[in-house]
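Enquirer: There's a structure below that I have some questions on.
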Amino acid sequence: MLTVGQKAPDFTLTDKDGKSVSLSDFLGKKVVVYFYPRDNTPGCTKQACAFAAAYDGFKKKNVEVIGISKDSVASHIKFAEKYDLPFILISDPDRVAIEAYGVWQEKKMCGKVSMGVVRTTFIIDENGNIEKIMPKVKPDTNAEEILAYIG
């Protein structure tokens, strides 16, 4: 289980543009890393669109936004184009970052139990340490809560 103050697990994965992205690429700036279950589902779409709407606010504060799911690069491309998402979307089909951050968990829906990504947001400070962990966030208010927190 990750805790506040701990070094954030580094990762190198492929983004929606086919480029390798590492968390360590962003040392010196604050990073919001949010994990979500799936592209083009109602909650995930609301969350992504809320981050897109707030993106100028993040840029003004020199904060990078990274969304991570198990979806393929091709899925991310379609998702980003459909909703005009300006931030980094990372594909993690092998659950490298998903498991390192502990967000691959048992989920219960309609009485059925399965494993999946639990919607969670991490704020990583300029030194690569976990500044804040936001479990079970509300998709439509997550981005604004983070902006308010950052100040």
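Enquirer: Considering only the stretch 1-23, state which residues are of a type in the set (A, V, I, L, M, F, W, C) and modelled with pLDDT under 95.
Expert: Selection gives 1, 2.
Enquirer: So which residues in the stretch 81-133 are among the aliphatic types (A, V, I, L, M), part of a strand (DSSP E or B) and at pLDDT 95 or above?
Expert: Residues of the stretch 81-133 that are among the aliphatic types (A, V, I, L, M), as a first pass: 85, 88-90, 96-98, 100, 103, 109, 113, 115, 117-118, 123-124, 130, 133.
From what is left, the residues that are part of a strand (DSSP E or B) are 88-90, 109, 113, 115, 117, 123-124, 130, 133.
Within the stretch 81-133, 88, 89, 90, 123, 124, 130, 133 meet the criteria.
Enquirer: Looking at (1) touching a Phe, Trp or Tyr at 6+ places or on another chain (Cβ under 8 Å); (2) under 21 Å from residue 143 (Cα atoms), which one does residue 95 not meet, given that it meets all the others?
Expert: (2)
Enquirer: Oh, and also: Evaluate the stretch 72-93: report whether one residue or more is farther than 13 Å from residue 16 by Cα, of a type in the set (S, T, N, Q) and crowded, with 19+ Cβ neighbours inside 10 Å.
Expert: Taking every residue of the stretch 72-93 in turn, none turns out to be farther than 13 Å from residue 16 by Cα, of a type in the set (S, T, N, Q) and crowded, with 19+ Cβ neighbours inside 10 Å.
Enquirer: Then there is this: For the list (1) within 24 Å of residue 29 (Cβ to Cβ); (2) touching a Phe, Trp or Tyr at 6+ places or on another chain (Cβ under 7 Å), I need the number of the one condition that residue 45 fails.
Expert: Among (1) within 24 Å of residue 29 (Cβ to Cβ); (2) touching a Phe, Trp or Tyr at 6+ places or on another chain (Cβ under 7 Å), residue 45 violates only (1).
Enquirer: Contact list please: Cβ distance under 6 Å, first residue in the stretch 77-103 and within 12 Å of residue 36 (Cα to Cα), second residue of a type in the set (Gly, Ala, Ser) and part of a helix (DSSP H, G or I), pairs at least six apart or on different chains.
Expert: 89/80
Enquirer: Looking at the stretch 94-115 only, could you name the residues that are exposed (fewer than 14 other Cβ atoms within 10 Å of the Cβ) and among the β-branched types (Val, Ile, Thr)?
Expert: Of everything in the stretch 94-115, just one residue is exposed (fewer than 14 other Cβ atoms within 10 Å of the Cβ) and among the β-branched types (Val, Ile, Thr), namely 113.
Enquirer: Would you check which residues across the stretch 52-98 are touching a strand residue (DSSP E or B) at 6+ places or on another chain (Cβ under 6 Å), closer than 17 Å to residue 11 by Cα and β-branched (Val, Ile, Thr) and list them?
Expert: The answer is 65, 66, 68, 73, 88, 90, 98.
Enquirer: Step by step: first the residues of the stretch 4-24, then only those that are among the charged types (D, E, K, R) and surrounded by 13 or more Cβ atoms within 10 Å (Cβ to Cβ), then the one that is nearest to residue 126 (Cα to Cα). Which residue is that?
Expert: Within the stretch 4-24, the match that is nearest to residue 126 (Cα to Cα) is 10.
Enquirer: Across the stretch 116-149, which residue is nearest to residue 7 (Cα to Cα) among those that are exposed (fewer than 15 other Cβ atoms within 10 Å of the Cβ) and among the hydroxyl-bearing types (Ser, Thr, Tyr)?
Expert: Among those residues, the one meeting the criterion is 149.
Enquirer: Now for a different question. Quick one: residue 44 ticks every box in (1) out of contact with any Pro (no Cβ under 7 Å at 6 or more places or on another chain); (2) surrounded by 14 or more Cβ atoms within 10 Å (Cβ to Cβ); (3) at pLDDT below 95 bar one, so which box is it?
Expert: Here residue 44 clears every test but (1).
The values are calculated or read from the model by the stated rules, or taken from the named source; none is laboratory data. Everything quoted here is computed from the prediction, not taken from an experiment. Because the Cβ atoms are built from the backbone with ideal geometry, glycine has one as well, and the counts that use them run over all protein chains shown.
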